[in-house]
Amino acid sequence: MFNKILIANRGEIAVRIIRTCQQAGVQTVAVYSDADARSLHVQQADEAVLLGNARSAESYLVAEKIIDAALKTGCQAIHPGYGFLSENAEFCEKISRAGLVFIGPPASAIATLGDKVASKALAQKAGVPVVPGHVGTLSGVEEAVSIAEQIGFPVLIKPAAGGGGKGMRIVASKDEMAPAFSACQEETRKAFGEHHLFIEKYIENPRHIEIQILADRYGNVIYLGERECSIQRRYQKIIEESPSPAVDSALRQKMGEMSCSLAKSAGYTNAGTVEFIVDQDLNFYFLEMNTRLQVEHPVTELVTGLDLVALQLKIAYGEALSIRQEDVSFKGAAIEARICAEDPSRNFLPATGMITRYAPPRGRNIRVDSGVEAGSVVSVYYDSLLSKIISWGDTRESARMALIDALNGYHIEGVVTNLDFVNLILNHPEFAAGNLSTGFIAQYFDGDQAKIPPPADRLCLIALATTLIYHNRQNLVRDSLKPMAAHVGGAAKPRAWYHYMVKGEEDIFEVRLQGNPDTRTWTIWVNGNQYQVLTPDLEFYRRRMKLSINGQFHRFRLQFQGNFIWAAHCGIARVFEIYSHREWELSQFMPKIQKQVLDNILECPMPGLVVDLRAQKGDRVYRGQELVIVESMKMESGVASPCDGEVLEVLVQKGQAVDTGDVLMRFKH
Ligand code: ADP
């Protein structure tokens with residue numbers, strides 16, 4: 001085996017690769033940018049080499065610096081992880097030329113499969129069904145229209161160099177083609193530095209299902225089953241699972257064998273993934289082949305019991321695959337949730353900051369692949385993935401319950417994440433039923449909220465938990481005041497039961513509780529429903545609480561500020577206001593405070609870089625019109641005007657770094 005390898009990546013994937021290397025006795029060299037000097041992957045590697053400035057173009061994307069670091073530290077091979085240079089054929093070639101091993105496929109396979117048009121042609125030749133359309137790049141709008149008329153609208157136009165769903169446009173009719181074509185071309189040029197487009201039939205409500213393959217240098221190719229990655233937002237995967245609830249063993253075998261034959265005809269080695277979209281009638285069509293380890297590879301590892309990184313190392317070292325297809329077996333089900341630094345309540349804008357508290361979930365069937373810890377700084381420079389939580393169960397349902405429970409107890413403070421949004425998806429009855437499609441979020445969600453209301457019984461449990469914690473904290477305060485109260489002769493008499501009012505967003509809960517902090521057993525009524533509750537010791541100052549309610553354990557995440565308690569459970573995250581019954585009656589007579597909203601300024605909603613200004617001084621603008629484009633974490637977002645008016649002043653320039661709350665423009669109206 002290799003003695004030492006360099007990992008040309010950062011974040012959770014670098015940490016995950018280091019873990020396997022440690023088990024295999026392989027030393028590791030991490031690389032990092034200025035912004036990552038204190039990050040987890042740097043701490044965990046045996047050695048670390050600084051590449052340069054925070055911007056990827058000056059660090060993680062500079063092949064020469066990475067290869068130089070590998071040579072200087074005496075590495076024999078480079079693992080590229082995913083993203084960055086992982087699918088760059090030139091990088092792979094340079095590595096071989098330097099006398100090092102690239103832990104991945106040969107450059108020729110990356111080059112062919114990296115081009116979506118060329119890979120489609122190859123798939124067709126290997127007998128793999130491809131999405132109806134045209135195998136070739138488009139010469140212009142006219143050709144696009146004529147092909148669309150042959151295959152039938154709606155169609156999808158896509159960048160040939162594609163990745164991350166960038167640039168793709170759905171075109172529903174002839175008239176929409178010209179504007180969509182130029183928008184797609186423009187975005188393609190920006191993202192990939194070239195402008196070739198191709199066209200496909202748009203498959204309505206498809207599933208995204210992919211096959212993991214492994215190939216050695218001696219012509220052995222095997223498949224490790226499928227992953228379903230249909231839960232996507234803007235073509236970005238959020239939740240992945242294996243097996244797919246839609247795939248039976250016959251379909252698995254068919255898709256698996258076809259993927260292997262494609263890999264063979266591409267001269268593929270190492271780990272790779274063949275992506276398909278699958279229509280409602282379970283017809284499957286080749287989308288593309290990813291020539292690297294995927295973000296979602298852990299679900300395959302949990303159901304097959306294999307370590308894909310260990311196998312990647314062995315294959316790259318020149319070993320023959322020690323497992324044959326008939327040795328691969330699948331056990332149970334696994335689901336992965338991607339936890340990203342983004343704010344679902346603000347249209348999923350990227351979030352940054354320092355993680356001030358961090359408590360990852362634990363558990364027998366829970367795996368945490370994280371790139372962060374308390375003290376980690378989430379910057380604007382890299383993508384927003386912080387960690388992945390992966391659960392395993394005998395059945396899909398038990399894996400789902402385990403993942404929900406893990407997320408209920410996953411506490412991250414300091415940076416806003418999509419944790420509760422992901423949890424809400426897992427709790428959705430259609431997800432539970434396995435009715436998945438890439439349109440799932442658009443179909444069942446409105447922004448970050450499910451279209452169906454949260455189940456009343458869940459809300460009652462949250463009201464119960466918040467009241468209990470409030471009550472106990474109040475008691476602790478009362479206890480600490482006892483000596484003083486006795487002194488002035490005013491000790492409160494112990495009472496048999498307490499009565500609270502809990503105000504949620506739309507509902508009011510009446511909570512009565514009877515019990516004893518010393519025995520930790522309580523009887524609690526929420527809106528008349530009775531619950532038997534057992535509290536663990538010493539939990540009342542923590543941000544996570546595990547309660548036994550009617551004999552079942554439930555976890556809650558909580559934060560307090562006076563009688564306001566923020567609570568999250570099963571994806572429902574709300575602020576609750578708690579009053580004693582007496583306070584509540586009095587508060588009904590209090591005037592309500594109105595929040596003032598400033599609408600004569602344009603405030604920057606996130607930290608980032610101004611990449612475009614879409615209005616100038618003196619321009620008339622309309623509410624909702626995007627005026628400034630800010631780039632953050634590889635994503636461009638428009639900042640929309642809060643009012644109808646005229647631009648009085650533009651306070652920023654293109655290329656300027658901006659922060660949350662910075663005033664970008666002023667208006668007159
Ligand atoms: P990228 O490489 O940019 O991620 P892909 O070709 O892998 O692009 O497609 C990403 C996602 O876009 C798929 O998972 C699927 O949700 C959707 N998609 C791609 N092609 C089609 C199509 N022809 N019809 C419907 N949806 C599609």
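Net length available on complete extension from THR137 to ARG666 is 186.0 nm, with 0.36 nm assigned per residue and the Cα-Cα distance removed. Phi angles of segment 52-62 translate, via the Karplus equation with coefficients 6.51, -1.76, 1.60 and θ = phi - 60°, into HN-Hα couplings of x, 5, 4, 4, 4, 4, 10, 9, 5, 9, 9 Hz per residue; Gly and Pro are given as x. For segment 365-488, what Kirkwood radius comes out of the mean inverse Cα-Cα distance, in Å? By the Kirkwood definition, the hydrodynamic radius is 18.0 Å.
Modelled label positions at ASP68 and GLN23, each set 7 Å beyond Cα in the direction of Cβ, lie 3.6 nm from each other. With both labels modelled 7 Å from their Cα along Cα-to-Cβ, the ASP446 to GLU649 distance reads 3.9 nm. Taken over the alpha carbons of segment 132-201 as equal point scatterers, the Debye sum produces base-10 log I(q)/I(0) values at 0.29 Å⁻¹ of -1.41.
Overall, the anisotropy analysis places segment 203-341 in the prolate class: the square-rooted eigenvalues a ≥ b ≥ c of its C-alpha gyration tensor yield a/c not less than 1.5, with a/b exceeding b/c.
Computed from the C-beta positions of LEU282 and MET401, the FRET efficiency with R₀ = 30 Å rounds to 0.65. Near ALA160, the amide H atoms lying under 5 Å from its own belong to HIS196, LEU197, PHE198; only residues 5 or more places off or on other chains count, and H is placed 1.01 Å from N. For the chain, the C-alpha radius of gyration sits at 1.06 times the compact-globule guess of 2.2 N^0.38 Å, with N the residue count. Against the chain, whose longest principal axis comes from its Cα atoms, helix 249-265 is set at around 50 degrees.
Charge tally around SER249: other residues with Cβ under 13 Å, Lys/Arg +1 each, Asp/Glu -1 each, net -1.
Derived from the Cα gyration tensor, the three semi-axes of the equivalent ellipsoid of segment 360-406 are 26, 11, 7 Å, largest first. Solvent-accessible area of the chain (1.4 angstrom probe, protein heavy atoms only): carbon and sulfur portion equals 49 percent. For the chain, the longest principal axis of the alpha carbon atoms and the long axis of helix 308-317 meet at an angle near 30°.
Count the net charge of all other residues whose Cβ sits under 15 Å from the Cβ of PRO453, scoring Lys and Arg as +1 and Asp and Glu as -1. Combined, the nearby Lys, Arg, Asp and Glu give -4.
Simple spin-label estimate for ALA250 and ILE323 gives 2.6 nm between the two label positions (7 Å along the Cα-to-Cβ direction from each Cα). A simple count of charges around ALA433, restricted to other residues whose Cβ falls under 13 Å of its Cβ and scoring Lys, Arg +1 and Asp, Glu -1, yields 0. Accessible surface calculations at 1.4 Å, restricted to protein heavy atoms, place the chain at 45 Å² per residue. Note on the chain: helix-only mean residue ellipticity at 222 nm, from DSSP H runs of 4+ residues weighted -39500 (n - 2.57) and normalised by residue number, equals -8500 deg cm²/dmol. The charge dipole of segment 1-124, taken about its Cα centre with unit charges on the Cβ of Lys, Arg, Asp and Glu (plus for the first two, minus for the last two), comes to roughly 200 debye. Rounded to the nearest whole Hz, the Karplus-based 3J(HN,Hα) values (6.51 cos²θ - 1.76 cosθ + 1.60, θ = phi - 60°) of segment 196-204 follow the sequence 6, 10, 9, 10, 9, 5, 8, 8, 7, with x at glycine and proline. For segment 548-556, 3J(HN,Hα) computed residue by residue from phi via the Karplus equation (6.51, -1.76, 1.60; θ = phi - 60°) reads 9, 10, 6, x, 10, 7, 9, 9, 9 Hz, glycine and proline entered as x.
Of all lysines in the structure, the ones whose alpha carbon falls short of 25 Å from that of LYS654, not counting any fewer than 8 places away in one chain, are LYS166, LYS190, LYS617, LYS634, LYS668. Stretching the chain fully between LEU476 and ARG364 yields a gain of 36.9 nm (0.36 nm per residue, less the alpha carbon separation). Accessible-area rank, largest first, for ASP327, ASP457: ASP457, ASP327, with all protein chains present and a 1.4 angstrom probe. Annotation: amide H of ARG233 within the under-5 Å range of ILE238, sequence separation 5 or more or interchain, hydrogens built in the peptide plane. Accessible area of MET1 (1.4 Å probe, protein heavy atoms only, ligands and nucleic acids ignored): about 70 Å². Mean projected area of the convex hull spanned by the Cα atoms of segment 159-253, taken over all viewing directions: 8.5 nm².
Kindly express, to the nearest 10 degrees and within the range 0 to 90, the angle between helix 63-72's C-alpha long axis and the longest C-alpha principal axis of the chain. Result, in degrees: 90. Taking amide hydrogens as modeled 1.01 Å from N in the peptide plane, which residues meet the under 5 Å criterion relative to VAL31, leaving out close sequence neighbours? Distant-sequence amide H within range of VAL31: ILE7, ASN9, VAL49.
Counting only residues at least eight positions apart within a chain, or on another chain, the lysines with an alpha carbon under 25 Å from that of LYS331 are LYS237, LYS254, LYS314, LYS388. Exposed loop sites are taken as GluC sites (Glu not before Pro) in a DSSP loop (any state but H, G, I, E or B) with at most 16 other beta carbon atoms within 10 Å; the longest stretch of the chain without one runs 1-193. When the charge dipole of the chain is built from unit charges on Cβ atoms (+1 for Lys and Arg, -1 for Asp and Glu) and taken about the Cα centre, the candidate among ALA568, ALA107, GLY608 whose Cα reaches farthest toward its positive end is ALA568.
Rolling a 1.4 Å probe over the protein chains gives SER641 an accessible area of about 10 Å². Take SER86: with every protein chain present and a 1.4 Å probe, its accessible area is about 0 Å². Annotation note: trypsin sites (Lys or Arg not before Pro) in segment 4-56 located in DSSP loop regions with a Cβ neighbour count of at most 16 within 10 Å are ARG38, ARG55.
The values are calculated or read from the model by the stated rules, or taken from the named source; none is laboratory data. Given the structure is predicted, the values throughout are model-derived calculations rather than measurements. Backbone-built Cβ (ideal geometry, glycine too); neighbour counts: all protein chains shown. SASA here: full protein model, heavy atoms, side chains in, ligands and nucleic acids out. Shrake-Rupley method; radii C 1.70, N 1.55, O 1.52, S 1.80 Å.
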